[in-house]
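Q: Have a look at this one before I ask anything.
The values are calculated or read from the model by the stated rules, or taken from the named source; none is laboratory data. Remember, predicted model here, so these are calculated numbers, not experimental data. Note: ideal-geometry Cβ built from the backbone for every residue, glycine included; neighbour counts use all protein chains shown. Surface areas here come from the heavy atoms of the whole protein model, side chains and all, with no ligands, DNA or RNA. Shrake-Rupley method; radii C 1.70, N 1.55, O 1.52, S 1.80 Å.
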Number of protein chains: 2
Amino acid sequence: MKESKTTGEILREEREKKGLLLRQVAAMLDIDTAILSKIERGERKASKEQIIKLAEILELDEEALIVQYLSEKILYEIKDEELGSKALKAAEQKMKYNNKNNS
Amino acid sequence: MKESKTTGEILREEREKKGLLLRQVAAMLDIDTAILSKIERGERKASKEQIIKLAEILELDEEALIVQYLSEKILYEIKDEELGSKALKAAEQKMKYNNKNNS
DNA sequence: ATTATATTTGACACTTATTGCCAAGATAAA
DNA sequence: TTTATCTTGGCAATAAGTGTCAAATATAAT
C-alpha cells in the first residue's frame with residue numbers, strides 16, 4: 001500500500017503539473033539545479049526559506065507545505081528510535097503543558 | 001506555575017541526591033566536567049550514549065529518560081515554529097500510517 | 001579571611017554535517 | 001544521433017557539534 005507522500009514527491013509532482021523545469025525553479029530559488037533535484041528526490045532537505053518560496057512558485061498552500069516539511073523533519077529525528085512514538089506523544093504533552101502555563 | 005522538568009534538571013537532581021560530584025560522574029562518562037555541567041544546565045545536549053550511561057549511573061529508568069531526552073530533542077526542532085503543534089500531530093499521523101502499512 | 005573544593009565560563013581545537021557549485025554521466029525526446 | 005533535462009559524485013566553504021583546558025566564580029570548611 002502506498003504511504004503518504006514525501007515533501008519531495010509533492011514538490012516534483014507540482015512542478016511537473018505546471019510544466020516547469022528544474023532549471024527554472026532552481027533559478028527562482030537561486031540555487032543550483034542539482035540541489036533542487038536532490039531535494040525532490042529526498043536526498044537533501046530544503047531550508048524553510050526554500051519551502052516558503054516553493055509554495056509560492058508552485059502555488060501550494062504555504063501552511064500545509066510547512067507542516068508537511070516540519071513533520072518530516074521531526075520524523076527524521078526519531079526514525080531509528082524504538083521509543084520514537086512515545087517520545088512524540090511526550091513532546092505533545094509538554095507542548096500542551098507549556099502553552100497552558102505561559103500564555 | 002512550574003513547567004515540566006528538563007532532562008538537565010532531572011540529571012542534576014538525581015546526581016545531587018546521590019551525593020555525586022560533577023567530576024565523578026563526568027569521569028564515568030569519560031568527558032570533561034565542564035561538559036556535564038553544561039548538559040545539566042541545558043547549555044549543551046547529551047548524546048544518546050551519554051543518556052544511557054547516565055541512566056545507569058544515576059539509577060534512573062532508562063526508557064523514561066530516553067523518552068524525556070528524545071521529546072526534548074523533538075521540541076527543540078520546532079521551538080520557534082508557529083506551526084509546531086500541527087507538525088507534531090501530522091508526524092504522529094504519519095507514524096501511525098506507516099506502521100500500519102509496513103508491518 | 002583564607003584556603004580548599006566544586007562549579008561555571010569562555011576561548012580554542014578538532015571533527016562531522018550541511019550547503020552549495022561544478023562537470024561529467026545517464027535518460028529521454030526529437 | 002543530437003539536444004535538452006536530470007542525476008551523480010567530487011570538491012570547497014561554512015556551520016554545528018563535541019571536547020579540552022585554564023581562568024573565574026561560587027561554595028564550604030577552618
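Q: Please determine whether any residue of segment A:57-66 is within 16 Å of DNA strand D (Cβ to nearest atom), within 13 Å of chain B (Cβ to nearest Cβ), open to solvent by less than 90 Å² (accessible area, probe 1.4 Å) and closer than 24 Å to B:L70 by Cβ.
A: No, segment A:57-66 contains no residue that is within 16 Å of DNA strand D (Cβ to nearest atom), within 13 Å of chain B (Cβ to nearest Cβ), open to solvent by less than 90 Å² (accessible area, probe 1.4 Å) and closer than 24 Å to B:L70 by Cβ.
Q: Which one of the conditions (1) of a type in the set (S, T, Y); (2) farther than 25 Å from A:N98 by Cα; (3) open to solvent by less than 40 Å² (accessible area, probe 1.4 Å) does B:Y69 fail to meet, given that it meets all the rest?
A: (2)
Q: Which one is nearest to DNA strand C (Cβ to nearest atom) among residues in segment B:48-77 that are acidic (D, E) and under 12 Å from the mean Cα position of the chain (by Cα)? Spell out the reasoning first.
A: Narrowing segment B:48-77 to residues acidic (D, E): B:49, B:56, B:59, B:61-63, B:72, B:77.
Narrowing further to those that are under 12 Å from the mean Cα position of the chain (by Cα): B:49, B:62-63, B:72.
On the way: B:E49: 13, B:E62: 23, B:E63: 25, B:E72: 18 Å.
It comes out as B:E49.
Q: What pairs can you find where one residue is in segment B:6-33 and over 15 Å from B:E56 (Cβ atoms), the other is open to solvent by 70 Å² or more (accessible area, probe 1.4 Å), and their Cβ atoms are less than 7 Å apart, with a gap of 6+ or different chains?
A: B:G8/B:R41; B:T33/B:R23
Q: Quick check, is A:I52 without any contact (Cβ under 8 Å) to a residue 24 or more places away in the chain, of a type in the set (V, I, T) and within 13 Å of DNA strand D (Cβ to nearest atom)?
A: no
Q: For A:I39, state whether it is at negative phi and away from DNA strand C (no atom under 15 Å from the Cβ).
A: When the stated conditions are applied, A:I39 does not pass them.
Q: Go over the candidates B:K45, B:K18, B:K89, B:K96 one by one and state the one that is open to solvent by 50 Å² or more (accessible area, probe 1.4 Å), more than 10 Å from every other protein chain (Cβ to nearest Cβ), away from DNA strand C (no atom under 13 Å from the Cβ) and of a type outside the set (D, E).
A: Going through B:K45, B:K18, B:K89, B:K96 in turn, just one is open to solvent by 50 Å² or more (accessible area, probe 1.4 Å), more than 10 Å from every other protein chain (Cβ to nearest Cβ), away from DNA strand C (no atom under 13 Å from the Cβ) and of a type outside the set (D, E): B:K45.
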